[in-house]
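The values are calculated or read from the model by the stated rules, or taken from the named source; none is laboratory data. Only a predicted model underlies this, so the values are computations on that prediction, with no experimental measurement involved. As a convention, Cβ positions derive from the backbone with ideal geometry for all residues, glycine included, and neighbour counts pool all protein chains shown.
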Amino acid sequence: MKKGLLFALAYVFFILLAVGIGMYYSTFDIKENKMITDAKQSEVTQSFDEALKADQERVEKKKADEDPNKWKPSPAFVLIAISIGAIADIVIVILWARHENKKRAQENKANLPRKKRMTDSNVFWWVIGLGIVRKRNDRLIIDWKYVAVYLILGLLLKVWITKEAI
């Protein structure tokens, strides 16, 4: 039996066991062992209500005392941050694809046995590689038309956020 399947079965068993124990002990309601009498219960409820009201007043006072001048980034800052993130994503994916190609070339030259990895999947590169990286002839290539599409979408996002024409 595989370790993963064994782990999953053991996990499900322990979860069901914990739920069963919880349900079993939650059905106990023994009147003789009641720790709090009805008189004490009303005192506890009353003191809880007072504490709850005091806490709500404290929270309202804290909200009133908050500084209304919290940091609010300007649209220009947001655009710069989005642009840097988008460009960094594209650059990282391109560098990663180049690294994978070099790694595969070295493995092919040395005729080393190669394990099946997650990066061998087309779906992996479609999702992680933003659709930019494609696998052709056991090599990863960059599809530059998608890079252009992402840059145009970024430009349109800039125009939409700033409401300015180029």
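Values computed for the structure shown
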quantity: Residue count for region 121-131, restricted to those that are in contact (Cβ under 8 Å) with a residue 12 or more places away in the chain and within 25 Å of residue 83 (Cα to Cα); calculated: 5
quantity: Leading residue by the ranking (nearest to residue 149 (Cα to Cα)) among those in region 74-117 that are among the acidic types (Asp, Glu) and more than 22 Å from the chain's Cα centre (by Cα); calculated: 100
quantity: Selection status of residue 137, of a type in the set (S, T, N, Q), over 15 Å from residue 90 (Cα atoms) and more than 29 Å from the chain's Cα centre (by Cα); calculated: yes
quantity: Unmet requirement for residue 131, which otherwise passes all of (1) in a helix (DSSP H, G or I); (2) under 26 Å from the mean Cα position of the chain (by Cα); (3) not charged (D, E, K, R); calculated: (1)
quantity: Close pairs (8 angstrom Cβ cut-off, 6 or more residues apart or separate chains): surrounded by 13 or more Cβ atoms within 10 Å (Cβ to Cβ) and of a type outside the set (Asp, Glu) in region 95-120, assigned to a helix (DSSP H, G or I) and at pLDDT 80 or above anywhere; calculated: 97/125; 119/100; 119/125
quantity: Matching residues in region 119-128 - criterion: being more than 20 Å from the chain's Cα centre (by Cα) and part of a helix (DSSP H, G or I); calculated: 119, 120, 122
quantity: Helices (runs of 4 or more DSSP H) completely within region 1-112 that count 2 or more residues being modelled with pLDDT of 85 or more, in contact with a strand residue (DSSP E or B) (Cβ under 6 Å, 6 or more places away or on another chain) and under 30 Å from residue 127 (Cβ atoms); calculated: 75-110
quantity: All positions within region 134-162 that are in contact with a helix residue (DSSP H, G or I) (Cβ under 9 Å, 6 or more places away or on another chain) and not in a helix (DSSP H, G or I); calculated: 134, 135, 138, 139, 140, 141, 142
quantity: Check on residue 65, under 30 Å from residue 163 (Cα atoms) and of a type in the set (D, E, K, R); calculated: no
quantity: Among residues of region 132-158, those that are closer than 15 Å to residue 80 by Cα and surrounded by 13 or more Cβ atoms within 10 Å (Cβ to Cβ), counted; calculated: 4
